[in-house]
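Asker: Attaching a single structure in structure tokens format; questions to follow.
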Amino acid sequence: MRILKFYFFIGCLFFLFQCKNKTTTSKQEIDSTAIVKKNLRKKIEKKVVKRWDSLNSKNVEAFFTAYGKQNKENKVIIKTKFGNIKLRLYNDVPIHRANFIFLTKINYFNTTEFYRIARNFVIQGGNSDETYTKKQRRLYGNYRLKPEFKSHRRHKYGALAAARDWEDNPNKLSNPFEFYIVHNRNGAHHLNKEHTVFGEVISGFDTMDKMSKVKVGVDEWPLKDIRMTVEILD
């Protein structure tokens, strides 16, 4: 009888030991899982750095505010077969300036062309039928820019401004991809506070004169493409 009690006691101890060991193991497994999740979360948090291709239609202003602080360039050059046009971008229209610099740095404009030559009015560019051009627009959600009207930024001769849709656009949001340059020596002041002026030509008026003489169709699209390359100037 004593032997049976002894074995029973030993069995109980063994059972309790196993339970404790199992509980400890389970706890270790849970703790390990928690540690793995914590480490994974840290890795993910480290990777969530603001990428410049995180631009989308919902974070436009925040994105370009941040981008503009890190990319302060304000001079660009447009190269064409007719010559070059140098532009100075205005710092007091920060979103439009940052947008143009951004598109220049990702080489968006380099597959576009001047698609409208309205003699004695404007030359307009920033679009094409290229697949890359369309992909870039879709990639960033065909976003729009809020107007940045300044009373002293007017549509003078050589003014650089953002194109926009006139229909179903009561807030006068700018098309970020397309721009125009005023080529009327008297300006185009009927467009003041209708389109955001965000820069001006500092050299290359003779290039614009040459471009204005090309043959165009009824839609003012040049019969021969006027391709462009846009680069940042130091």
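Where a number appears in this text, it was derived from the coordinates with a stated rule and is not lab data. Fair warning: this is a prediction, and the values are worked out from it, not measured in the lab. Cβ coordinates were reconstructed from backbone atoms using ideal geometry, including for glycine residues, and neighbour counts include every protein chain displayed.
Asker: Going by how many other Cβ atoms sit within 10 Å of their own, how do M208, M228 line up, fewest first?
Answerer: Fewest-to-most ranking of M208, M228: M228, M208.
Asker: While we're looking at this one, here's another question. Net charge within 15 Å of P170 by Cβ-Cβ distance, Lys/Arg positive one each and Asp/Glu negative one each, not counting P170 itself?
Answerer: +1
Asker: Right, something else. Going down the list K72/K213; K105/K224; K58/K135; K105/K213; K58/K79, which pairs span over 28 Å between their C-alpha atoms?
Answerer: With Cα atoms farther than 28 Å apart: K72/K213; K105/K213; K58/K79.
Asker: Next question. Under 5 Å between amide hydrogens, which residues at least 5 positions from V122 or on another chain qualify, with H placed 1.01 Å from N in the peptide plane?
Answerer: H183
Asker: Right, here's the next one. Apply 1/(1 + (r/R0)^6) to the Cβ-Cβ distance of D168 and D129, taking R0 = 22 Å, and write down the FRET efficiency to the nearest 0.05.
Answerer: The pair D168/D129 has a calculated efficiency of 0.35.
Asker: Within the stretch 159-234, which GluC sites (Glu not before Pro) sit in a loop by DSSP and count at most 12 neighbouring Cβ atoms inside 10 Å?
Answerer: Answer by residue number: E167.
Asker: What's the FRET efficiency of R119 with E73 using the Cβ-Cβ distance as r and R₀ = 35 Å, to the nearest 0.05?
Answerer: Working: r = 32 Å, r/R0 = 0.91.
About 0.65, to the nearest 0.05.
Asker: What is the gain in length, in nm to one decimal, between K86 and S57 on full extension, counting 0.36 nm per residue of separation less the C-alpha to C-alpha distance?
Answerer: Result for the pair: 7.5 nm of gain on full extension.
Asker: Give me the extension gain from V214 to L139: residue separation times 0.36 nm, minus the current Cα-Cα distance, reported in nm with one decimal.
Answerer: In short, 23.7 nm is gained.
Asker: Shifting gears a bit: Estimate the FRET efficiency between F205 and I106 by the formula 1/(1 + (r/R0)^6), using the beta-carbon distance for r and 41 Å for R0, to the nearest 0.05.
Answerer: Calculated transfer efficiency: 0.90.
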